[in-house]
Amino acid sequence: MRKLALAASSLLAATLLAPATATAAPPGDKDVIVRLFQWNWPSVAKECKDFLGPRGVGGVHVSPPQEHIVRKDLGSPWWQDYQPVSYKIDSRRGDRAAFAAMVTACKSAGVKVYVDAVINHMAGQDVPGTGWAGSRYDHYSYPGVYADQDFHHCGRNGNDDIKNYFDRFEVQNCELVNLADLKTESEPVRNRIAGYLNDLLSLGVDGFRIDAAKHMPSADIGAIKAKLSRPAYVFQETTFAAGEPIVPDEYLPNGDVKVFAYGYDIARIFNHEKLSYLRTFGSSLPSNKAVVFTDNHDTQRGHPVLTHKDGGRYALANAFVLAWPYGTPQLMSSFEFGTTDQGPPSDADGRTKNATCFTDGWRCEHRWQVISNMIGFHNAVRGTNVNSWWDNGNDLITFGRGDKGYLVLNDEGSAVTGRSFRTPLPAGRYCDVIHGDFSGGKCSGPVYTVDGGGWFRADVAAHDAIALHANARVG
Ligand code: ARE
Ligand code: CA
């Protein structure tokens, strides 16, 4: 056994050695979440039926469905959607009927629907306007929904904006980038928000990604959750930077939390350090409460993370994410952007166009061969421990999962040739799902024969991988 290699600078300094079974929190036995960022409802529905369901994805995380501001003058930036104007389910992605049809289609494909719930605030516009569905609004006035008394006016920094993230009061009671901050401690506000979430539940939605969770006291989210008409899966956007007083752990009583450091750490290890450091990868948050991801729509716009722009390295990093038993993996599916504000492909009226993978800027990382095939690996090894870890002290790592799966990741600049690998797998012929698709007992790529002792022999190209699992056995 090699001595434990630790990433000294790692925020996630290893509290877990080969963490125990990944009992992922989302309901059901398929836990992978795919984030179809900004996809319109007909496209989400189609993707659930054509791809996500058949490939074993557990849930789809969709963009906010409620009425939002319209900023055609700015080219309809993607972030319009995070400025609610009312709780009508009518957005650039489609109206209520289209949303409901999408939920029905996804559920009948076996895919749960998780809605991006923007409940910390309303819009951040200083001048009156008209929302997507025709609702008139002003900065602290949303007729029929909220009026001035429903908002915090924190009285700090001249304009009520958050300046100091090290001040708990300010983060939760002042305005995140001018967005009118709801009094989530007030009963009428809680009832309004719960009314919106219950409306979504009535349409068949299964859970919520709570936007800007850190900007609401955990107890406020808990009180709103207690008003839900039925149980829902909740995962919270708990951004965290070193030294901040508000920590993700506070939010565990409400549900799962997003672990942002995971994506930063994985990028640092793949870009600058050694893959052998991954041996202890995880965080101090319990695995069954952590939602993990290489990148999301915020971090891919300006944080040091791996994204679709990194090509093969991104695919390898996600292969690791899906093979390693820490957290609930959330896969990102992006559209290409030149500027950070650029919205998704839209028609002249600002409606989001249908997403057609690999055209029009829709990158569909979730459909990349390596990533989509590793969803099958992830599902095949569910509930097993890591074993057979071996690394070369640098960028070549291998490990098994129970007697169900085995991954070789070679991020060295040169190929590994003629090496024998010892797996925990029963003897048999296995499809390498990194290079081949497995269906109907056949593999479109290389097949490796594991002998009675668990060994197989292979060459692994530079910056490449091999993945074998129990549900991709040939013959
Ligand atoms: C836009 C304009 C602003 C304008 C505002 C109001 O960009 O200039 O003032 O509108 O008109 C998204 C965009 C924002 C956009 C907003 C509303 O990212 O640019 O503002 O929509 O349209 C913090 C929060 C975290 C938040 C990030 C962005 O803690 O919750 O900032 N993330 C969520 C979403 C975002 C969304 C919102 C919240 C708002 O995922 O997409 O904003 O609904 C450290 C801190 C973090 C901090 C981070 C900021 O890491 O620890 O707490 O995140 O810095 O980089
Ligand atoms: Ca707040």
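Remarks
- Residue pairs meeting the criteria (Cβ under 6 Å; at least 6 apart or on separate chains; first more than 19 Å from Asp181 (Cβ to Cβ), in the stretch 111-138; second part of a loop (DSSP other than H, G, I, E, B) and open to solvent by 10 Å² or more (accessible area, probe 1.4 Å)): Val111/Gly53; Lys112/Asp206; Val113/Asp206; Trp132/Val70; Ala133/Asp90
- Single residue of Thr340, Thr307, Thr356 found to be surrounded by fewer than 19 Cβ atoms within 10 Å (Cβ to Cβ) and within 16 Å of ligand 1 (Cβ to nearest atom): Thr340
- Test for Asp73: is it surrounded by fewer than 24 Cβ atoms within 10 Å (Cβ to Cβ), among the acidic types (Asp, Glu) and without any contact (Cβ under 8 Å) to a residue 24 or more places away in the chain: yes
- Here is the figure for the stretch 312-340: residues that are small (Gly, Ala, Ser) and farther than 17 Å from Ile466 by Cα total 4.
- Residue in the stretch 265-280 that is closer than 26 Å to Met216 by Cβ and assigned to a loop (DSSP other than H, G, I, E, B) present: no
- Selection of first residues in the stretch 170-197 that are at positive phi and of second residues that are within 16 Å of ligand 1 (Cβ to nearest atom) and open to solvent by 40 Å² or more (accessible area, probe 1.4 Å), restricted to Cβ pairs under 8 Å at least 6 apart or on distinct chains, gives the following pairs, ordered by first then second residue: Asn178/Asp126; Asn178/Asn159.
- Close contacts from the stretch 236-258, counting a first residue that is without any contact (Cβ under 8 Å) to a residue 40 or more places away in the chain and assigned to a loop (DSSP other than H, G, I, E, B) and a second that is open to solvent by 30 Å² or more (accessible area, probe 1.4 Å) and more than 9 Å from ligand 1 (Cβ to nearest atom), with Cβ to Cβ under 7 Å and a gap of 6+ residues or different chains, come to Phe240/Val247.
- Test result for Ala213, out of contact with any His (no Cβ under 7 Å at 6 or more places or on another chain) and either within 15 Å of ligand 2 (Cβ to nearest atom) or at pLDDT below 95 (or both): yes
- Within the stretch 250-278, the only residue that satisfies the criterion of being closer than 27 Å to Ile224 by Cα, away from ligand 2 (no atom under 16 Å from the Cβ) and open to solvent by 40 Å² or more (accessible area, probe 1.4 Å) is Pro253.
- The stretch 421-475, subset touching a helix residue (DSSP H, G or I) at 6+ places or on another chain (Cβ under 8 Å) and among the aliphatic types (A, V, I, L, M), residue most open to solvent (accessible area, probe 1.4 Å): Ala470
- For the stretch 182-195, the candidate set comprises residues that are more than 15 Å from ligand 1 (Cβ to nearest atom) and part of a helix (DSSP H, G or I); within that set, the residue that is surrounded by the fewest Cβ atoms within 10 Å (Cβ to Cβ) is Glu187.
- Taken over the stretch 131-181, residues that are within 13 Å of ligand 1 (Cβ to nearest atom) and of a type in the set (D, E, K, R) amount to 8.
- Criterion violated by Asn198 - all others in (1) touching a helix residue (DSSP H, G or I) at 6+ places or on another chain (Cβ under 7 Å); (2) in a helix (DSSP H, G or I) satisfied: (1)
The values are calculated or read from the model by the stated rules, or taken from the named source; none is laboratory data. What you see is a predicted model; the values in this text were computed from it and never measured. Note that we place each Cβ from the backbone using ideal geometry, even for glycine, and neighbour counts take in every protein chain shown. For accessibility, only protein heavy atoms count, side chains too; no ligands or nucleic acids. Shrake-Rupley method; radii C 1.70, N 1.55, O 1.52, S 1.80 Å.
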